Amino acid sequence: MRSLFLLFSLLTLSGCSHMANDNWTGQDKAQHFLGSAMLSAAGNEYFQHQGVNRDRSAMLGVMFSLSLGASKELWDSRPEGSGWSWKDFAWDVAGATTGYAVWQLAQH
């Protein structure tokens, strides 16, 4: 929970140089969703194979996926980038939670 608070604080207080003016739909949104889902599921599986318990590996897999999504948005927020997109990040969150759910279902 502390890590989530720190990530949220970093994102809200980072002072991004500019914001993206994008839509909620599009090919890049599908890529954010699918990429985050795959990274979350892969992270879950990786951490479980490293001997981490099931609950902790699930948390680490989701945080792994979201940290990469946030890093990508920070990269985009550079002056020469396309701008920070909360819509892209929302699709990252949706994908990461879907990847977690699919991974959990595959474990049964």
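Where a number appears in this text, it was derived from the coordinates with a stated rule and is not lab data. From a predicted model like this one, the values you see are computed outputs, not experimental measurements. Cβ sites come from the backbone with ideal geometry, for glycine too, and all protein chains shown count toward neighbours.
What order do you get for Asp92, Asp55, Asp22 when you list them from fewest to most C-beta neighbours inside 10 Å? Don't skip to the end; give the middle numbers.
Details: Asp92 27, Asp55 8, Asp22 15.
Ascending number of Cβ neighbours within 10 Å: Asp55, Asp22, Asp92.
Roughly how many nanometres apart are two label points built 7 Å out from the Cα toward the Cβ at Ala106 and Ser67?
2.1
Using a 10 Å cut-off around each Cβ, can you sort Ser36, Ser77 from fewest to most neighbouring Cβ atoms? Present the calculation step by step, with values, prior to reporting the outcome.
Values: Ser36 28, Ser77 19.
So the residues, fewest neighbours to most, are Ser77, Ser36.
Sort Thr98, Thr25 by Cβ crowding within 10 Å, fewest neighbours at the top.
Starting with the residue having the fewest Cβ neighbours, the order is Thr25, Thr98.
Starting from the 7 Å offset along Cα-to-Cβ, what nm value, one decimal, do you get for the label separation of Asn21 and Trp86?
About 1.7 nm, to one decimal.
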